[in-house]
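The values are calculated or read from the model by the stated rules, or taken from the named source; none is laboratory data. As the structure is a prediction and not an experimental result, all values here were calculated from the model. Only protein heavy atoms, including side chains, enter the accessible area calculation; ligands, DNA and RNA are left aside. Shrake-Rupley method; radii C 1.70, N 1.55, O 1.52, S 1.80 Å.
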Amino acid sequence: MDNPENKNIFKPSCTLNNIQNRELEIAVIGLGYVGLPLAVEFGKHFSTLGFDINQTRLQQLQSGHDSTLEVTEAELASATDLKFSGDIQSLSGTQIYIVTVPTPINEHNQPDLTPLLKASETIGKTIKPGDIVIYESTVYPGATEEACVPVLEKISGLRFNCDFFCGYSPERINPGDKQHRVTTIKKVTAGSTPEVADLVDALYGTIITAGTHKAASIKVAEAAKVIENTQRDVNIALINELALIFNRMGIDTEAVLEAAGTKWNFLPFRPGLVGGHCIGVDPYYLTHKAQSIGYHPEIILAGRRLNDGMGAYVVSQLLKTMMKRGIHIKGSKVLVLGLTFKENCPDLRNTRVVDIVSELSEYSVTVDVYDPWVDKSEAQHEYGITPVSDLKENTYDGIIVAVAHKQFADMGTRELRFLGKPEHVLYDLKYIFRAEEVDMRL
């Protein structure tokens with residue numbers, strides 16, 4: 001998509017001197033788990049606008065509160081040059097746009113670029129010659145230049161790499177992780193021209209203490225991001241399959257992994273549900289692109305199928321154990337502890353705990369979900385699940401520890417078993433407790 005004359009009409013309006021002297025107007029589009037921490041860091045050094053179309057979210061942030069718990073009130077207050085808005089007119093002075101909107105999949109496991117394309121439309125209405133648009137959202141290799149750039153060109157009337165430029169720097173946010181923060185995780189950067197690549201790298205270098213890695217191209221940076229989580233997904237699928245095998249053999253999977261882990265190069269993966277906004281989604285972006293160019297991925301899709309089936313497997317194991325103990329399945333009551341996709345954070349995106357809830361309901365089991373981290377209205381809106389507020393003793397035929405929240409670990413098995421009826425099954429999916437303290441482990 002280069003200029004046919006192979007020369008730029010406009011140079012980027014941002015220069016290395018602008019970056020060094022903090023003379024830039026930056027806009028971060030999308031203020032979720034990725035965008036807000038980034039906007040806060042840039043807001044400590046540059047005039048930064050945090051832009052979002054969710055008015056409730058904007059009101060929370062303007063009042064100094066982050067409902068995702070990724071940024072504290074003190075951290076928000078420290079970003080003295082950060083402002084928030086949902087008004088497109090507020091973007092008029094921007095020189096650097098950074099897009100951090102979600103890239104989910106649809107019900108057919110196909111990439112849903114709608115948020116990304118909508119954000120590109122918004123930018124296209126206000127972008128000026130010399131501006132740079134940097135995408136952080138996870139996509140398949142080629143998506144920035146094949147899907148986003150045409151939207152920017154169409155709406156703005158400007159030409160790519162002639163009038164405006166693009167960069168890519170994949171997000172590496174780990175929700176709920178207070179040790180690995182946006183500034184302490186090495187950042188991959190890329191630009192649509194060598195000069196822009198240098199500018200994008202220098203820009204992130206002002207806030208990333210862990211350093212940066214300048215990729216050879218935008219496509220390389222896109223591919224690097226999408227395989228990070230694809231690799232983890234495939235590895236977890238292998239461990240999940242091993243758990244299925246060892247369960248049939250009556251061998252404790254955790255004991256096997258602990259023994260194997262004594263070798264220095266054994267990778268420390270654990271079995272479980274694979275959800276969230278990355279690991280359970282990103283592989284489908286890569287396989288979509290692979291299939292579009294005529295290649296059918298075998299290992300990646302096999303791993304996805306196995307991981308997506310773990311919720312049903314957990315339920316089948318629980319119900320079999322209940323029946324062996326003479327517990328009547330129809331009309332029984334099961335408590336699921338945890339709804340978020342990972343421990344100690346309120347993030348509900350693509351949580352696979354819902355697979356357990358749905359599967360249990362198919363057997364006419366009454367299911368209570370308890371999670372002290374989640375917003376109940378969000379859980380109801382996203383999944384039709386309203387978590388219970390209180391737990392009553394001597395109530396449940398089955399108890400599943402689905403998420404390793406610290407509150408559940410603190411309760412201990414003694415307190416958890418008080419919630420069960422005299423005959424019940426305690427299933428620990430997350431290896432929080434010792435094998436002898438629970439009835440089942442994955």
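Please work out the Kirkwood hydrodynamic radius for region 345-406, using every pair of different C-alpha atoms, and report it in angstroms with one decimal place. Mind dumping the intermediate values first?
On the way: mean 1/r = 0.0794 Å⁻¹.
For region 345-406, the Kirkwood estimate is 12.6 Å.
For Asn344, which sequence-distant residues (separation of 5 or more, or a different chain) have an amide H within less than 5 Å of its own amide H, given hydrogens modelled in the peptide plane?
The list, which skips near neighbours in sequence, is His405, Lys406.
Can you give me the Kirkwood hydrodynamic radius for region 374-415, using every pair of distinct Cα atoms, in Å to one decimal? Don't skip to the answer; put the middle values down first.
On the way: mean 1/r = 0.0815 Å⁻¹.
The answer is 12.3 Å.
Check which residues have an amide H placed less than 5 Å from Ile134's amide H, if you skip close sequence neighbours.
It is Tyr97, Ile98, Val99, Gly167, by chain and number.
If you take the C-alpha gyration tensor of region 270-384, multiply each eigenvalue by 5 and take the square root, what semi-axes do you get, largest first, in whole Å? Walk me through the numbers on the way to the answer.
Values: eigenvalues 172, 75, 24 Å².
Its equivalent ellipsoid spans semi-axes of 29, 19, 11 Å.
Cα-Cα pairs above 13 Å in region 153-193: how many percent?
Details: 520 of 820 pairs.
Percent of Cα pairs beyond 13 Å in region 153-193: 63.
Take the Cα pairs of region 36-95, get the Kirkwood Rh, then feed it into Stokes-Einstein at 25 °C and 0.890 mPa s and tell me D in µm²/s.
On the way: Rh = 11.6 Å.
Roughly 212 µm²/s, to the nearest whole number.
Is region 177-237 rounded, prolate or oblate when judged by the Cα gyration tensor, a ≥ b ≥ c being the square roots of its eigenvalues, rounded requiring a/c under 1.5 and prolate requiring a/b larger than b/c?
oblate
Run lengths n ≥ 4 of DSSP H only: what is the helix-derived mean residue ellipticity at 222 nm for the chain, with -39500 (n - 2.57) per run over all residues, to the nearest 500?
Numbers: 15 runs with 165 residues, N = 442.
Taking each H run of at least 4 residues, the total per residue is -11500 deg cm²/dmol.
Which whole-Hz ³J(HN,Hα) couplings does region 308-314 yield from phi under the Karplus relation 6.51 cos²θ - 1.76 cosθ + 1.60, θ = phi - 60°, glycine and proline marked x?
Here the 3J(HN,Hα) series is 5, x, 5, x, 5, 5, 4 Hz.
Which of rounded, prolate or oblate describes region 78-120 when judged by the alpha-carbon gyration tensor and an a/c cut-off of 1.5?
Details: a/c = 3.23, a/b = 2.27, b/c = 1.42.
Prolate, since a/c reaches 1.5 and a/b exceeds b/c.
Tell me, what ³J(HN,Hα) does each residue in region 414-429 have, in order and in whole Hz, if you take phi through Karplus 6.51 cos²θ - 1.76 cosθ + 1.60 with θ = phi - 60° and put x for Gly and Pro?
Once rounded to whole Hz, the list reads 4, 5, 4, 5, 4, 6, x, 5, x, 10, 8, 10, 9, 10, 9, 7.
With N residues in region 111-261, what two-decimal value do you get for its Cα radius of gyration over 2.2 N^0.38 Å?
On the way: Rg = 20.0 Å, N = 151, 2.2 N^0.38 = 14.8 Å.
The reported ratio for this selection is 1.35.
Could you do me a favour and compute the accessible area per residue for region 358-442, 1.4 Å probe, result in Å²? Intermediate results must be reported in sequence, preceding the final value.
Values: 4320 Å² over 85 residues.
I get 51 Å² per residue for region 358-442.
Calculate, in whole percent, how much of the Cα-Cα pair population of region 304-442 lies beyond 19 Å. Before the final figure, lay out the partial values.
Values: 4436 of 9591 pairs.
Result: 46 percent of Cα pairs exceed 19 Å.
Find the relative contact order for the chain and round it to a whole percent, using C-alpha pairs within less than 8 Å whose residues are 6+ positions apart.
Values: 846 pairs, mean separation 49.0, N = 442.
Result for the chain is 11 percent.
Could you look at the chain and say what percent of its accessible area is carbon and sulfur, using a 1.4 Å probe and all protein chains? Walk me through the numbers before you get to the answer.
Details: 10080 of 19760 Å².
Using a 1.4 Å probe with all protein chains present, the chain comes out at 51 percent carbon and sulfur.
How fast does region 204-333 diffuse by Stokes-Einstein, in µm²/s, taking the Kirkwood radius from C-alpha pairs at 25 °C and 0.890 mPa s?
139
What is the set of long-range amide H partners of Tyr396 at a cut-off below 5 Å, with H atoms built 1.01 Å from backbone N?
Answer set, sorted by chain and number: Gly420, Lys421.
If you plug each phi of region 340-351 into the Karplus form 6.51 cos²θ - 1.76 cosθ + 1.60 with θ = phi - 60°, what whole-Hz ³J(HN,Hα) values come out, in order, with x for Gly and Pro?
Each residue of region 340-351 in turn: 5, 7, 8, 6, 6, 7, x, 6, 9, 4, 6, 5 Hz.
If ligands, DNA and RNA are left out, what is the accessible area of Thr230 with a 1.4 Å probe, given in Å² to the nearest 10?
10
Ratio to report: Rg/Rh of the chain, with Cα atoms as the point set and Rh obtained by the Kirkwood method; give two decimals. Please report the intermediate quantities before stating the final value.
On the way: Rg = 24.0 Å, Rh = 23.6 Å.
Rounded to two decimals, Rg over Rh is 1.02.
If you take the Cα atoms of region 1-159, find Rg, then find the Kirkwood Rh from the mean of 1/r over all pairs, what is Rg/Rh? Can you show the working numbers first?
Details: Rg = 16.2 Å, Rh = 16.5 Å.
Dividing the radius of gyration by the Kirkwood radius yields 0.98.
What Kirkwood hydrodynamic radius, in Å, does region 402-442 give when the mean of 1/r is taken over all pairs of distinct Cα atoms and then inverted? The partial results should precede the final answer.
Details: mean 1/r = 0.0959 Å⁻¹.
For region 402-442, inverting the mean 1/r across all distinct Cα pairs yields 10.4 Å.
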